[in-house]
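Throughout, read-outs are computed from the coordinates displayed, never taken from laboratory work. If you're wondering where the values come from, they're calculated on a predicted model, not measured in any experiment. So basically every Cβ, Gly included, is an ideal-geometry build from the backbone, and we count neighbours across all protein chains shown.
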Amino acid sequence: MPYAKLVVERENGYLVATINNPPVNALSQAVLKELSLLLDECLNDEGVRAIVLTGSGEKLFSAGADINEFKDVREGKEPEISGQELFSKIENYPKPVIAALQGSSYGGGTELALACHLRILSASAQMALPEVRLGIIPGWGGTQRLPRLIGKTRALLAMLTGDPIGAQDALAWGLVNKVVPAGDVLAEAKALAARLAKGAPLAIREILRAVNQGLNTTIEEGLKIERAGSAVVFASEDAKEGSLAFFEKRPPNFKGR
């Protein structure tokens, strides 16, 4: 479908979606709705094995929720698209979603990045959850995902002060996978997506499921989830292809079956 707030480009095996909502790429209801629709459209599309999510412009990935819509929230109006539910949808998506942070992210923009499976950050960018400075709290998963990624102590300091996390700290703390020069962020994310697109879709899906579900339960229950996923992939055609390719010393051709 045509998008008004996203620029969507299909590459070989993956897709690049750019949030295009100037001047700050605010995550308005319109943007959230289009992101949700995009995920739905790509779910059963065998030609899309990974998604790169980025923002237009060089300075901002996204400055977060559209402050012009705060009035509706204060008046008790239910949003059409819940940011919290959408970001959980991204986190639990069966295909890798990579955040290409070509610029800084704030508030909901950071929460969106936290929900993605992998993150590439510009060396000149920063990430922040500054909601406390507006008298509110991160409400799209930030209070839960940030501590799980960088630890309770660091996350509390970042959220209680609203101070930004610089690129080098973000990398050292495990908040992002890689820090690269500003102009290289999208290329780095696309290279990663292309690599993942050549992987075994069923195995990738089950790894994502096992990690996401396992982190929210005991290790004993997590091992059961892992065992169930293992049974699924071992019975697949991809598992046979992977073994055959290994012995024939050639790249595997995974079909997702």
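How high is the FRET efficiency from THR218 to THR153, r the C-beta distance, R0 35 Å, rounded to 0.05? The computed FRET efficiency comes out at 0.90.
For segment 201-247, the Stokes-Einstein estimate of translational diffusion at 10 °C and a viscosity of 1.306 mPa s comes to 142 µm²/s, using the Kirkwood hydrodynamic radius over alpha-carbon pairs. Its alpha carbons considered, segment 147-196 gives a radius of gyration followed by a Dmax of 13.3, 38 Å.
Over 19 Å between Cα atoms: which of LYS5/LYS77; LYS95/LYS255; LYS33/LYS198; LYS59/LYS152; LYS33/LYS89 fall into that group? Distance filter (> 19 Å) returns LYS5/LYS77; LYS33/LYS198; LYS59/LYS152. When you count the other C-beta atoms within 10 angstrom of each residue and take the mean per peptide, 132-145, 182-195 line up highest first as 182-195, 132-145.
Provide, for q = 0.12, 0.16 Å⁻¹, the log10 of I(q)/I(0) from a solvent-free Debye sum over equal Cα point scatterers in segment 68-183. The computed values of log10 I(q)/I(0) come out as -0.42, -0.74. Peptide packing for 12-21, 154-163 was compared via the average number of neighbouring C-beta atoms within 10 Å per residue; ordered from the highest value, the list is 12-21, 154-163.
For the chain, the Kirkwood hydrodynamic radius from C-alpha pairs, put into Stokes-Einstein at 25 °C and a viscosity of 0.890 mPa s, yields a diffusion coefficient of 129 µm² per second. The distance separating the Cα centre of segment 134-159 from that of segment 168-210 comes to 22 Å. For the chain, set up a Gaussian network in which alpha carbons nearer than 10 Å are linked by springs, and say which option among ILE90, ILE225, ILE120 fluctuates the most. The residue that fluctuates most here is ILE225. When the P(r) of segment 129-257 is calculated, the portion above 24 Å amounts to 53% of the C-alpha pairs.
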